[in-house]
1. Could you tell me how many of the residues in region 348-397 are under 24 Å from the mean Cα position of the chain (by Cα), at pLDDT below 95 and of a type in the set (Asp, Glu)?
2. If Tyr345 meets every condition in (1) open to solvent by 50 Å² or more (accessible area, probe 1.4 Å); (2) hydroxyl-bearing (Ser, Thr, Tyr); (3) closer than 27 Å to Gln62 by Cα apart from one, which number is that one?
3. Anything in region 125-158 that is over 24 Å from Ala442 (Cα atoms) and of a type in the set (A, V, I, L, M, F, W, C)? List them, or say none.
4. With respect to the numbered conditions (1) within 20 Å of Glu226 (Cα to Cα); (2) at pLDDT below 95, which one is the sole condition not fulfilled by Thr129?
5. For the subset of region 419-429 comprising residues that are part of a strand (DSSP E or B) and open to solvent by less than 50 Å² (accessible area, probe 1.4 Å), which member is farthest from Asp137 (Cα to Cα)?
6. Just one of the numbered conditions (1) farther than 28 Å from Pro145 by Cβ; (2) more than 22 Å from the chain's Cα centre (by Cα); (3) small (Gly, Ala, Ser) is not true of Ser441; which one?
7. Those residues that are part of a loop (DSSP other than H, G, I, E, B) and touching a residue at least 24 places away in the same chain (Cβ under 8 Å), I need them from region 430-454; list them, please.
8. Restricting to region 148-170, name every residue that is polar (S, T, N, Q) and either buried (at least 18 other Cβ atoms within 10 Å of the Cβ) or in contact with a His (Cβ under 8 Å, 6 or more places away or on another chain) (or both).
Amino acid sequence: MKRFFEELSARLFWSCLIFTVLFGAVLYGIFAQIKHWPPVPQLRTAYNVLFIEKTLTSSADQKHLQPSRGQGEGVTVNTKPDSSDTILMLGFFEGENQARLVNRNGNVIRKWSLNYHEHFPDAETRPCTMLTPLLTDVHGAVLTPRGDLIFNYEYCGTVKLDQCSNIIWTINEKTHHSLIEAEGGGYLLLSRDEWKAADEPERFPPFSTPATNQLISEDLILRLDEHGEILERFSIPEIIFDSGLSALLTASGQTFKSSKVARGELVHANKIAELPTALAGKFPLFTPGDWAISMRGLNLIVVVDSKTKAVKWYQTGPWVRQHDPEFRPDGKISVFNNNAYLTSYDELEKTRLSAPRDTNIMLIDPVSRETEIAYGSRPGQEMLSVVRGQHEILSDGGMLITEFDAGRVLEVTAEGDIVWEYVNRFDDDFVGEITNSKLYSAEFFQTKWGECES
């Protein structure tokens, strides 16, 4: 009998010990998932690398392709074949992220292969962890008179390359969408930070959710010098909040509570533009150096005093999910009005060919707030860019327009006539997306495009 109780006691002991260990492991697992304790981050990274990104890698180029709309291939319209102008395009060319400078005939003057892993070789310090470079996007670019290229990997860093693709500097920040030259020197661009509402409940108290631990995405403005050093950093939501306009930040009714679906974005900023001194006299409400900022998630454009960081002017719509506000020489602000919702995509985020092609370039007078459509939304001017898109105001009053989802760049006159068009055909069924384009005169460049070592 004594031996029986000893065995029973031993079994109970081991059963209780095993139950306690298992219960403790389950309990720790629950809290680790909520609090992001080890090994949850490590396991999540391993899962992403071994399963999710492995799957995506097998068809990574599909990320950058959209259905062809039968608009031709290469240069399809060129009424200025003898012009010495050049056009920089950023997007998906020849099966890779690429920037290329072409002439009016479409001949490539210089191209840069944009490989994320080569530009950020240290996996430990990369802003983004991805198994293949093709899982990154490129968005926002400028050329310097020396032929140097500066561009953003979308939410994954900024790089400056010389004309032979040698790295000059990099920025390990979550930079995205927009990169422009500042009139006073250096550059202005957008970046993103993340913070936990539970850790910083004092920030934006009207709508932060201290009871959760969700990461909130906060868009920033960065000012860089010529060497890529960050001189200043400003929070766009704080600018709006400090200007007494917190109601704008919650107009969508988003609660910012824990969710596996919600991105936790506050504004989704997608462009910053600077009012140049030469045009300031046309804008009685603004002063030189003021910033126009577009926020797609709120259908909102604001103009901010770059010195005081106070909002001077703002308007929601009539544009829809817009991009790229620009100050025009006529005293109006032009907007790339995507004028489309994500319902224009199918389940694979490819444009439905049956979706309305109603994207346009909209003008607004900041004083009267009257609007008009400068291009698009009429027969012969059909465009559809569900996301992204850009336009540049040219010196002759025309525009260079980037229709992202169509893989298309077109130059139009002030009267709306197409004088140049380029279509980035990938194959019979698809086009490669083009994110940005910019026109440069031959006189802009101070150095020749010399030969580079392969």
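The values are calculated or read from the model by the stated rules, or taken from the named source; none is laboratory data. Source: prediction; values computed, not measured. Using ideal geometry, Cβ is built from the backbone for each residue, glycine included, and neighbour counts are taken over all protein chains shown. Heavy atoms of the whole protein, side chains included, go into the accessibility calculation; ligands, DNA and RNA do not. Shrake-Rupley method; radii C 1.70, N 1.55, O 1.52, S 1.80 Å.
1. Result for region 348-397: 1.
2. The single condition Tyr345 does not satisfy is (1).
3. The answer is Cys128, Met130, Leu131, Leu134, Leu135, Val138, Cys156.
4. Looking at each condition in turn, Thr129 falls short on (1).
5. Per the stated criteria, the residue is Val419.
6. Among (1) farther than 28 Å from Pro145 by Cβ; (2) more than 22 Å from the chain's Cα centre (by Cα); (3) small (Gly, Ala, Ser), the lone unmet condition for Ser441 is (1).
7. Passing the criteria: Glu433, Ser441, Phe445, Gln446, Thr447, Trp449, Gly450, Cys452, Glu453.
8. Initial filter on region 148-170 (polar (S, T, N, Q)): 152, 158, 163, 165-166, 170.
Result: Asn152, Thr158, Gln163, Ser165, Thr170.
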